[in-house]
Amino acid sequence: MATPHISAEPGDFAPAVLMPGDPKRAARMAEQLLDDVRLVSDVRGIGAYTGTHQGKPLSVMASGMGQPSLSIYATELFTQFGVERIIRVGTAGGLAEGAKAGDVVIAIGAHTDSAMNQHMCPGINFSATASWSLLSAAAAFAGNDPRVKVGPVVSRDAFYGNEPEQVKLLAELGTLGVEMEAAALYGLAAKHHKEALAVLTISDHLFDPSQDMSPEERETNFQKSLGIAVAAALS
């Protein structure tokens with residue numbers, strides 16, 4: 001039955017859900033990817049769509065911005081609507097020197113400054129990691145593409161006000177990008193015995209603003225990451 005945030009019914013969602021942050025991007029993905037597409041939820045402007053892709057069921061739903069927002073939708077999808085895997089498809093700011101704007105990052109794990117995962121196992125620094133089945137499928141689909149990187153990202157609660165020295169240290173530790181959702185998604189998948197992955201397009205670089213994409217490019221320049229995410233979702 002419907003939840004406070006999703007006005008769908010059991011069976012309205014496919015086992016696999018692609019989850020961008022932006023509702024407009026979700027609508028665009030659904031239009032591009034899905035046959036026989038139908039709107040199954042539209043609470044607070046967060047559209048959810050279900051159809052088929054190459055004959056396989058697939059859903060697309062926006063998460064909104066930030067780990068608390070994503071956690072609401074991911075929890076309800078995992079616990080109330082039979083969803084087995086969620087693949088975040090979004091953007092990230094580049095950190096490591098080798099991560100350039102336009103590259104795609106398949107996030108093997110997500111550091112975080114958030115408290116979202118601290119309750120997972122008191123006394124333990126929980127490691128928020130991707131599901132191996134999805135990660136391996138995504139990496140296999142990407143092949144040897146030099147513009148696709150596999151490595152860790154960091155999920156921040158604050159978009160502004162990041163400490164320069166901390167960001168520099170994260171880059172030195174091999175963190176490829178900074179975003180705002182993956183760690184919570186990975187934690188929820190572990191908690192509910194589900195699968196999760198984040199596939200991210202680098203839209204700008206924190207140490208080289210000359211690489212920054214325009215707002216229009218951020219909305220449209222995600223075809224490579226989308227192809228990788230679909231391959232993982234339907235694997």
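Computed values, structure above
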quantity	calculated
Enumeration of residues in segment 179-235 that are among the acidic types (Asp, Glu) and within 16 Å of residue 106 (Cβ to Cβ)	179, 181, 195
Qualifying residue in segment 227-234 (condition: of a type outside the set (S, T, N, Q), touching a strand residue (DSSP E or B) at 6+ places or on another chain (Cβ under 8 Å), in a loop (DSSP other than H, G, I, E, B) and open to solvent by 10 Å² or more (accessible area, probe 1.4 Å))	yes
Considering residues of segment 95-125 that are of a type in the set (D, E, K, R) and surrounded by 13 or more Cβ atoms within 10 Å (Cβ to Cβ) only, the residue farthest from residue 177 (Cα to Cα)	113
Single condition residue 146 does not satisfy, out of (1) within 22 Å of residue 8 (Cβ to Cβ); (2) in a loop (DSSP other than H, G, I, E, B)	(1)
Residue match in segment 153-164 (condition: farther than 25 Å from residue 140 by Cβ, open to solvent by 30 Å² or more (accessible area, probe 1.4 Å), out of contact with any strand residue (DSSP E or B) (no Cβ under 9 Å at 6 or more places or on another chain) and outside any loop (DSSP other than H, G, I, E, B))	yes
Matching residues in segment 67-78 - criterion: being closer than 20 Å to residue 25 by Cα, of a type outside the set (S, T, N, Q) and open to solvent by 10 Å² or more (accessible area, probe 1.4 Å)	68, 72, 73
Matching entry among 15, 20, 4 (being open to solvent by 10 Å² or more (accessible area, probe 1.4 Å), modelled with pLDDT of 95 or more and of a type outside the set (Phe, Trp, Tyr))	15
Residues satisfying the stated conditions in segment 79-94, i.e. hydrophobic (A, V, I, L, M, F, W, C) and either open to solvent by 50 Å² or more (accessible area, probe 1.4 Å) or part of a strand (DSSP E or B) (or both)	86, 87, 89, 92
Some residue of segment 57-76 being in a loop (DSSP other than H, G, I, E, B) and either over 17 Å from the mean Cα position of the chain (by Cα) or basic (Lys, Arg) (or both)	no
Residues located in segment 114-139, provided they are over 24 Å from residue 69 (Cα atoms) and free of Cβ contacts under 8 Å to residues at least 24 places away in the same chain	123, 124, 132, 136
Only one of 42, 36 that is farther than 21 Å from residue 203 by Cα, modelled with pLDDT of 95 or more, surrounded by fewer than 16 Cβ atoms within 10 Å (Cβ to Cβ) and more than 15 Å from the chain's Cα centre (by Cα)	36
Evaluation of residue 11 against (1) under 13 Å from the mean Cα position of the chain (by Cα); (2) in a loop (DSSP other than H, G, I, E, B) (one fails), failing number	(1)
Hits in segment 197-225 - residues which are part of a helix (DSSP H, G or I), touching a strand residue (DSSP E or B) at 6+ places or on another chain (Cβ under 8 Å), touching a residue at least 40 places away in the same chain (Cβ under 8 Å) and open to solvent by 10 Å² or more (accessible area, probe 1.4 Å)	211, 218, 224
Residues within segment 165-196 that are under 18 Å from residue 79 (Cα atoms) and open to solvent by less than 10 Å² (accessible area, probe 1.4 Å), tallied	6
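A quick yes/no check of all residues on (1) modelled with pLDDT of 95 or more; (2) in contact with a Pro (Cβ under 9 Å, 6 or more places away or on another chain); (3) among the small types (Gly, Ala, Ser):
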| position | (1), (2), (3) |
| --- | --- |
| 117 | no, no, no |
| 126 | no, no, no |
| 135 | yes, no, no |
| 139 | yes, no, yes |
| 148 | yes, no, no |
| 190 | yes, no, yes |
| 215 | no, no, no |
| 222 | no, yes, no |
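The values are calculated or read from the model by the stated rules, or taken from the named source; none is laboratory data. Just so it is clear, the model here is predicted, and its values are computed rather than measured. A quick note on method: Cβ atoms are made from the backbone with ideal geometry, for glycine too, and the neighbour counts reach across all protein chains shown. Remember, those area values only see protein heavy atoms, side chains included, never the ligands or the DNA or RNA. Shrake-Rupley method; radii C 1.70, N 1.55, O 1.52, S 1.80 Å.
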